[in-house]
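The values are calculated or read from the model by the stated rules, or taken from the named source; none is laboratory data. As the structure is a prediction and not an experimental result, all values here were calculated from the model. Quick reminder, even Gly has a Cβ in these numbers, built from the backbone with ideal geometry, and neighbours come from all protein chains shown.
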Amino acid sequence: AEEMLIRSEKMSIAGQLAAGIAHEIRNPLTSLKGFVQLLQGGISSKDEYYKIMMDEIDKINTITSELLFISKPMTDDKSDENINKMLHDVITLLKTQANLYDIDLVLEADDDDDCMVYCDRSQIKQVFINLIKNAIEEMTDGGMIHVLVKNDGEECMIAIKDQGPGIPKHLIHKLKEPFFTTKKNGTGLGLMISNQIIDNHSGRLEIESENGQGSTFSIYLPFNGN
Ligand code: ADP
Ligand code: MG
């Protein structure tokens, strides 16, 4: 019975999600249709319209590629992975983008105490990328992003600390909801997907923030995350 309950809960989340997706994709499509009609009528400011149309197409593209990830967490491909090494790789990948905004990405880890976690490598990597990208996107004036890894013997803790503007307390619970975004070109799917992936590893994602004090996103992963 409990399993049935969990399943029906999942169904309603899928339903909610479907409604949100339909809405998010219909908006740019409606706008595109309008511009095509304008262009059919023969208009002088074509370049401007083409630019807006490209932006709308990009938006649909981003949403659909992020959605592909939602379908993936269900099929696992788990093995023992070195979390410290994965973070090192992700940071190397994102360093160029960070430096562009005067941001220092720093990995702080216990030497000789790497976290080995049974996990889906590409999914967990996606979580790290999502969280570090969010931190970068908040720090428009530059600064430091600290990535901490700790092995407490029972679970692996990964914390991403930024020096961004922080999140007002009353908004923190909204962050994991699909389509909540404060960005002009955001999808509001990154944290929902990340949370779902962490859930799928029997872990948890904790968000701490004071308005104006920066934010910390902490991931806790049990070593045997089935
Ligand atoms: P997106 O990045 O597309 O907006 P996310 O799900 O990744 O979607 O994030 C949702 C929202 O959570 C962001 O738009 C932002 O308002 C807030 N947020 C996420 N990370 C941070 C952070 N490090 N500092 C402040 N706000 C954040
Ligand atoms: Mg994001």
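Which condition from (1) touching a Lys or Arg at 6+ places or on another chain (Cβ under 6 Å); (2) modelled with pLDDT under 90 is the one that residue 200 breaks?
If we test residue 200 against (1) touching a Lys or Arg at 6+ places or on another chain (Cβ under 6 Å); (2) modelled with pLDDT under 90, just (1) comes out false.
When both residues are 6+ apart or on different chains and their Cβ atoms are under 8 Å apart, which pairs have a first residue that lies in the range 88-104 and is within 14 Å of residue 162 (Cα to Cα) and touching a residue at least 24 places away in the same chain (Cβ under 8 Å), and a second that is of a type in the set (Gly, Ala, Ser) and assigned to a helix (DSSP H, G or I)?
104/98
Taking the condition in contact (Cβ under 8 Å) with a residue 24 or more places away in the chain and either in contact with a Leu (Cβ under 6 Å, 6 or more places away or on another chain) or more than 18 Å from residue 222 (Cβ to Cβ) (or both), does residue 144 pass?
Criteria met by residue 144.
Checking the conditions here, which among 94, 107, 189 is more than 10 Å from ligand 1 (Cβ to nearest atom) and under 16 Å from the mean Cα position of the chain (by Cα)?
94
Taking the stated definitions as given, is residue 47 over 22 Å from residue 187 (Cβ atoms) and not in a helix (DSSP H, G or I)?
Considered against the rule, which asks whether it is over 22 Å from residue 187 (Cβ atoms) and not in a helix (DSSP H, G or I), residue 47 comes out as no.
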